[in-house]
Amino acid sequence: MDGKLSVCLLNDSFPPVLDGVANTVLNYAMLIQKNHGAAVVGTPSYPGAQDDFPFPVVRYPSIDMTKVFGYRAGLPFAPATIQKLASYRPDIIHAHCPMISTLLARSLRTAAKAPVVLTYHTKFDVDIAQVFDSELLQSAAIRMMLGNVNACDEVWTVCRGSGENLRKIGYKGEYVVMTNGVDFPRGKAPKEAVGALRKKLGLSESDRVFLFVGRMRWYKGIRIILDGLTRAARDGYDFKMVFVGEGVDFEEIKSYAASLPIASRCIFAGPERDRETLRAYYSLAELFLLPSTFDNRPIVVLEAAACGLPSVLVRGSSAAEGMTDGQNALLIDENADSLARAVTTALKDPALAPRLGQNAMREVYVSWEDAVVAAVRRYDIVIENYRRKQEELRLHRRSFHMRLRKSKHY
């Protein structure tokens, strides 16, 4: 389309909440506002949120559900919310969560007369199963989610695996793979920043460090990490394990780690909101451990690659899509013994991880600038398809009414 775009981005999480999808929406909004037109973000209210961004953020009422699934749940049906977002005259509405955000997007589409595109990031059927014990409630929630997905004008997935997850839970439509990016430049953080972080964490220059960054949930493969590293320690290998993040299972995970022989080797650093400090975390580690079959092409793997840090991932998982074992990653089976073999292989060969990391930096890295340029090009296609469809509907209705009047006349 000609001219500048106006894009409304909707998601159930946004800073100060920290997760990959919140990071995605933030980078979309920043780069659309900077390079492609205007952005507005719609997201649930959050206590103490400081929305000092170069684009407007419309917060709508929410309730605290963090003890259940780690987020606040938005209540998006207030007419004032729709009116406020519609006042920005979006050309396209981009939802990043198939639940509440897409319900809001569907209402906004009517008011703004703009198409809705949905990016399906994570395996929501797993999240739904974590929230609801009842299979009846799980089925109802999945039906609601599928209703939202089917109602969108186009569906994007971050990788083929997330698209196949949609297929598994009943989606029969088409989807377009649109990859995420990373806001780090290629290369490690400055040595001074890495050294300062080592000192803060009590790490020596000789410590061999493994890293996890993300929500502290068991389904991220954290038990495999802890059990696998326990096996490696019993075989006589020395290392430190740093966990960065918070989440519903945080206290349980800490308690379990404290019961293991490697308790003194585990550092729970909590969440990290400063991006340069987070870059230093990736830069001080030797391997990034994410033995998760939940994640779909996770941004943390791209962030690690940007810093020359190779990942240990489950073979055949969506997280490992596009990765090659022994070339730019270490791929394992989904168990502790396999993880132990991977980390001990790296510990025995100090040259292995740097080589894999350099390959990952060269082969896996995608900047957010490039990812958003691709998205904006696709926006144009979605908008054009929507306008053509609306024109076809208008002509169809006109023809129908003309035939109706003619039949009444005769």
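Worth pointing out:
- Calculated from backbone phi, Karplus (6.51, -1.76, 1.60) coupling profile of region 356-364 in Hz, x at Gly/Pro: 4, x, 5, 5, 5, 4, 7, 9, 9
- Fluctuation leader among His396, His94, His36 - the chain, Gaussian network, Cα springs under 10 angstrom: His396
- Applying D = kT/(6 pi eta Rh) to region 89-175, where Rh is the Kirkwood radius over alpha-carbon pairs, T corresponds to 4 °C and eta to 1.567 mPa s, the Stokes-Einstein value obtained is 98 µm²/s.
- With coordinates expressed along the principal axes, the C-alpha atoms belonging to region 16-88 extend over 38, 29, 18 Å, beginning with the largest.
- Principal semi-axes in Å for region 258-403 [√(5λ), Cα gyration tensor, largest first]: 45, 17, 16
- Top positive-direction residue, dipole computed over the chain with Cβ charges, set Ile267, Phe239, Ile142: Ile142
- Debye equation applied to the C-alpha atoms of the chain, log10 I(q)/I(0) at 0.08, 0.09, 0.10, 0.13 Å⁻¹: -0.46, -0.57, -0.70, -1.13
- Angle between the chain longest axis and helix 368-409 axis [Cα atoms, degrees, rounded to 10]: 20 degrees
- Each principal axis of the Cα cloud of region 125-228 was evaluated for its coordinate range; sorted largest first, these ranges are 53, 33, 20 Å.
- From helices alone, the chain scores -14500 deg cm²/dmol at 222 nm; the rule is -39500 (n - 2.57) for each run of n ≥ 4 DSSP H residues, then divide by the residue total.
- Among the listed pairs Lys67/Lys113; Lys34/Lys191; Lys191/Lys348, those beyond 28 Å (Cα-Cα): Lys67/Lys113; Lys34/Lys191
- Among Met99, Met30, the order of accessible area from largest down is Met30, Met99, computed with a 1.4 Å probe on protein heavy atoms.
- Apportionment of accessible area to carbon and sulfur, the chain, percent (1.4 Å): 52 percent
- Whole-number accessible area per residue in Å² for region 310-360, which is evaluated in the context of all protein chains at 1.4 Å: 38 Å²
- Translational diffusion of region 180-266, µm² s⁻¹ [Kirkwood Rh, Cα pairs; Stokes-Einstein; 25 °C; 0.890 mPa s]: 169 µm²/s
- Sequence-distant contacts, meaning Cα pairs under 8 Å at least 6 residues apart, place the relative contact order of region 302-397 at 32 percent.
- About the Cα centre, charge dipole magnitude for region 1-159 (Lys/Arg +1, Asp/Glu -1 at Cβ), debye: 420 debye
- Neighbour net charge for Phe184 - beta-carbon separation under 11 angstrom, K R +1, D E -1: +1
- Modelled label positions at Ala351 and Gln83, each set 7 Å beyond Cα in the direction of Cβ, lie 7.0 nm from each other.
The values are calculated or read from the model by the stated rules, or taken from the named source; none is laboratory data. In this text the structure is predicted, and so the values were computed from the model without any measurement. All Cβ positions, glycine included, derive from the backbone under ideal geometry; neighbour counts span all protein chains shown. Quick note on the areas: whole protein, heavy atoms, side chains included, nothing else; ligands and nucleic acids left out. Shrake-Rupley method; radii C 1.70, N 1.55, O 1.52, S 1.80 Å.
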